[in-house]
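Below: one structure, written as C-alpha cells.
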Amino acid sequence: MQAQGIIPIFRMFDERKAKEFYIDYLGFKLDWEHRFEPDLPLYAQISLHDVTIHLSEHYGDCSPGAAIRVEMKGVEEFHRQLIGKQYNYSRPGLEMTPWHTKECCVIDPFGNKIAFYENAE
C-alpha cells in the first residue's frame, strides 16, 4: 500500500468568477468539469503543473475559507506574472517568512487561500 498524493477541494459559488481567477489569473488549466444535469452544481478539476485542485459548487463537499500551501520553484517570477496581469481583485505581495520561505498568497473570490511558496535555504 502506498499513498499517491492529495487533491484539495475548494468550495466555489460562481463558475465564471472561478474560471476568471484560477484559469485567466493564476494560469491553471481546466482538466474536466461535471454536472449531473445542466442546471445542477458544477464539479471541476484544474491543474497547474503537478498541482491539482477540485472546485465544487456542491453544498456538502467542503466549506469556503479553506487554505492550502503549494510548493513551487520560481515563486518570484510567478509573483511578477500575477502583478503584471493587473487583475482587479488581487495584488499579492511577496514575503520572506521567519521559517525561511518566499511566499505569494492569494485569496480566491470565495475566501479560499493559496500560499505559493519556495524554500529560501
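The values are calculated or read from the model by the stated rules, or taken from the named source; none is laboratory data. Remember, it's a predicted structure, so these values are computed and weren't measured experimentally. Every residue, glycine as well, gets a Cβ built from its backbone with ideal geometry; the counts of neighbours run over all protein chains shown.
Which of the following residues is in contact with a strand residue (DSSP E or B) (Cβ under 9 Å, 6 or more places away or on another chain), surrounded by 18 or more Cβ atoms within 10 Å (Cβ to Cβ), over 23 Å from I6 (Cβ atoms) and of a type outside the set (A, V, I, L, M, F, W, C): H79, H100?
H79
Find the residue count for region 93-121, including only residues that are over 23 Å from E20 (Cβ atoms), of a type in the set (A, V, I, L, M) and modelled with pLDDT of 95 or more.
Qualifying residue count for the region: 1.
Looking at Y87, Y59, Y25, can you tell me which residue is surrounded by fewer than 11 Cβ atoms within 10 Å (Cβ to Cβ) and either touching a Gly at 6+ places or on another chain (Cβ under 9 Å) or among the aromatic types (F, W, Y) (or both)?
The conditions single out Y59.
Which residues, taken from region 10-51, are in contact (Cβ under 8 Å) with a residue 40 or more places away in the chain, over 21 Å from S63 (Cα atoms) and hydrophobic (A, V, I, L, M, F, W, C)?
L26
Are there any pairs, at least 6 apart or on different chains, whose C-beta atoms fall under 9 Å, with the first in region 71-98 and within 11 Å of A115 (Cβ to Cβ) and the second charged (D, E, K, R) and surrounded by 13 or more Cβ atoms within 10 Å (Cβ to Cβ), and if so, which?
The qualifying pairs are E71/E118; M72/E118; V75/K102; V75/E103; V75/E118; E95/K102; E95/E103; T97/E103.
Which one of the conditions (1) within 12 Å of the chain's Cα centre (by Cα); (2) more than 26 Å from N88 (Cβ to Cβ); (3) acidic (D, E) does E37 fail to meet, given that it meets all the rest?
That leaves (1) as the condition not met.
Pick from region 12-34 the residues that are in contact with a Leu (Cβ under 8 Å, 6 or more places away or on another chain) and not hydrophobic (A, V, I, L, M, F, W, C): which of them is farthest from N88 (Cα to Cα)?
If we take residues in region 12-34 being in contact with a Leu (Cβ under 8 Å, 6 or more places away or on another chain) and not hydrophobic (A, V, I, L, M, F, W, C), then H34 is farthest from N88 (Cα to Cα).
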